[in-house]
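Just below is one structure, and these are the notes that go with it.
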Amino acid sequence: MVYLERYKKNPVLKPNPNYEWQQGAVFNCGATLFKEKIILLYRAIGNYETYISTLGLAESDDGYNFKARPEPVMVPEEPFEKYGVEDPRITWLEGKYYICYTAVRTPVPAGDVDFHIGIASTSDFKTFKKYGTVINEYRDKDGVLFPEKINGRYALMHRAPEPDMWIAYSKDLKNWTDHKKFFSPIKNSWQDFKVGAGAPPIKTDEGWVNFYHGVSKELHYSLGVMLLDLKDPTKIISIIEDPILKPELDYEKEGDVPNVCFTCGVVEKDKKFLVYYGAADKCIAVAFIDKTKLLQAL
Ligand code: BMA
């Protein structure tokens, strides 16, 4: 059986009552190596009346002990993201860090909220260039960019229309075409309600390792993993049938949204995959697995 091992001192990041913008919740984070540190770009909630998310940054030498900056690094500025910047996924692509995030266009507490995939880039995690939103004909989220072009085009995994996972291609990162559905919820399973991207796919000799999330009818969010073909990532080479992490511990079961393990970023370090995940939409935790062991299982 393949199952992630949780870091014993989880959570690695919790809401901080000293800062209004992140006093309520810190969760779903992109993760990457930057200047020999592991950094997390995370979603933060300060005010529950608006539930508008901003993004904070935390850094660590070892991947377990994090220090967060006192100010958010990315905040809603444009009309297309007026009600929040959420769930960032970081991809190192052609010499820049690209960030795919959920750009929320209409108020969140209203319920029937409108959102699209925003794309931004940065070189220093201090200033961010925003390119606007893509695939605007659908409400779309869970967008992740592949870290290199595939057959001469950029590739994006996304989730519109729901509840399936799709891959689309682009020459300019703006216009996305050739959308192909490649994975759908599986009846009577832990992922029978919807499925969506997690971390940006990681390239290995065997294929793209794709950590993703699956949601059950009871709205429990768990993590899964599959291996995708390098040249045609809509081809699933293999998939682990059971979840590799499901909400079991208190910090995963109790929070602003109960029973959630939701990853937006995985870092490879010391031959391990470190999977960072938002727990119960409240705090950030990490769990890991040996790379060779996972590839053998796949
Ligand atoms: C999903 C995402 C996440 C969130 C999860 C559980 O739809 O948008 O931001 O963690 O729901 O509430």
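The values are calculated or read from the model by the stated rules, or taken from the named source; none is laboratory data. All of these numbers come straight from a predicted model, not from anything done at the bench. Because the Cβ atoms are built from the backbone with ideal geometry, glycine has one as well, and the counts that use them run over all protein chains shown.
Just a few scattered comments:
Conditions (1) within 11 Å of the ligand (Cβ to nearest atom); (2) among the basic types (K, R), marked per residue:
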| site | (1), (2) |
| --- | --- |
| L230 | no, no |
| T234 | no, no |
| K253 | no, yes |
| D256 | yes, no |
| N259 | yes, no |
| K271 | no, yes |
| Y276 | no, no |
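- Residues of the stretch 129-138 that turn out to be surrounded by fewer than 21 Cβ atoms within 10 Å (Cβ to Cβ) and over 17 Å from E162 (Cα atoms), as a count: 4
- Residues located in the stretch 97-145, provided they are among the acidic types (D, E), away from the ligand (no atom under 13 Å from the Cβ) and touching a strand residue (DSSP E or B) at 6+ places or on another chain (Cβ under 6 Å): none
- Contacts under 6 angstrom Cβ, first residue in the stretch 213-227 being over 15 Å from D281 (Cβ atoms) and away from the ligand (no atom under 12 Å from the Cβ), partner among the acidic types (D, E) and assigned to a strand (DSSP E or B), 6 or more apart: none
- Residues of the stretch 119-157 that are among the small types (G, A, S) and at negative phi: A120, S121, S123, G143, A155.
- Taken as a whole, the structure places T177 among residues that are over 20 Å from the mean Cα position of the chain (by Cα) and either of a type in the set (D, E) or over 24 Å from P247 (Cα atoms) (or both).
- Residue check, K141 among the charged types (D, E, K, R), touching a Phe, Trp or Tyr at 6+ places or on another chain (Cβ under 7 Å), surrounded by 15 or more Cβ atoms within 10 Å (Cβ to Cβ) and at pLDDT 95 or above: yes
- Residue match in the stretch 152-174 (condition: surrounded by fewer than 16 Cβ atoms within 10 Å (Cβ to Cβ) and of a type in the set (S, T, Y)): no
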